[in-house]
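Q: Structure provided below as structure tokens; questions to follow.
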Amino acid sequence: MATERTLSIIKPDATRRNLTGKINAKFEDAGLRIVAQKRVQLTKAQAGEFYRVHAERPFYDELCEFMSSGPVVVQVLEGEGAIAKNREVMGATNPADADPGTIRAEFADSVGENSVHGSDAPETASDEISYFFAGRDIVG
Ligand code: CDP
Ligand code: MG
């Protein structure tokens, strides 16, 4: 399997509870390398742009409100099959369905406030990474 990069976001519910380091340890323990990282405060409009594929979903407004409710840590993770591996480490969207040991099983509060975002495919990973980072910001 090829080396890939994926976009990860540690969401406001997790930064509020000071869980950045514990979540980063899960990525590193799984063999993912954090090759870019910054802490930012999104506006609701920026959150809306990032999550525009969900614009028609009933949870969209609440999601944008939540994602702009506090700081997030955006990061690029790199590794063999990083996109799928990160989704495994994250666990299912709804923490009630997430496998034991996953980030969402251990830390997430609810289906909405579920601690992490991870890209779901190569095209979205590439788009999402370039939404937050220039090439020179990523050092593998
Ligand atoms: O984040 P993931 O790719 O696992 O799930 P998604 O289906 O792409 O949904 C994006 C985000 O919308 C989720 O991570 C949740 O924060 C939120 N969401 C929600 O609030 N209620 C749902 N029923 C589904 C998703
Ligand atoms: Mg998704």
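Q: Tell me which residues, restricted to the range 1-49, are buried (at least 19 other Cβ atoms within 10 Å of the Cβ), over 18 Å from G91 (Cβ atoms) and among the charged types (D, E, K, R).
A: E4, R5
Q: Would a scan of the range 124-131 turn up a residue that is at pLDDT 95 or above, more than 13 Å from ligand 2 (Cβ to nearest atom) and acidic (D, E)?
A: No.
Q: Going through P71, P100, P12 one at a time, which residue ends up being more than 22 Å from F132 (Cα to Cα) and at pLDDT 95 or above? Reasoning before the result, please.
A: Numbers: P71 fails: more than 22 Å from F132 (Cα to Cα); P12 fails: more than 22 Å from F132 (Cα to Cα).
Of the residues listed, the single one that is more than 22 Å from F132 (Cα to Cα) and at pLDDT 95 or above is P100.
Q: Let me ask another. Can you give me the number of residues within the range 108-118 that are surrounded by fewer than 23 Cβ atoms within 10 Å (Cβ to Cβ) and at pLDDT 95 or above?
A: First pass over the range 108-118, keeping only residues surrounded by fewer than 23 Cβ atoms within 10 Å (Cβ to Cβ): 109-113, 117.
Of the ones still in play, those that are also at pLDDT 95 or above are 110-113, 117.
Result for the range 108-118: 5.
Q: Tally the residues that are under 17 Å from A105 (Cβ atoms) and either in a loop (DSSP other than H, G, I, E, B) or of a type in the set (F, W, Y) (or both), restricting the search to the range 1-20.
A: So the answer is 3.
Q: Of the residues that make up the range 88-97, is at least one surrounded by fewer than 19 Cβ atoms within 10 Å (Cβ to Cβ), touching a Gly at 6+ places or on another chain (Cβ under 9 Å) and more than 26 Å from E49 (Cβ to Cβ)?
A: Yes, the range 88-97 has at least one match.
The values are calculated or read from the model by the stated rules, or taken from the named source; none is laboratory data. Predicted model, so just to flag it, every value in this text is computed and none were measured. With ideal geometry, Cβ positions are generated from the backbone for all residues, glycine too; neighbour counts draw on all protein chains shown.
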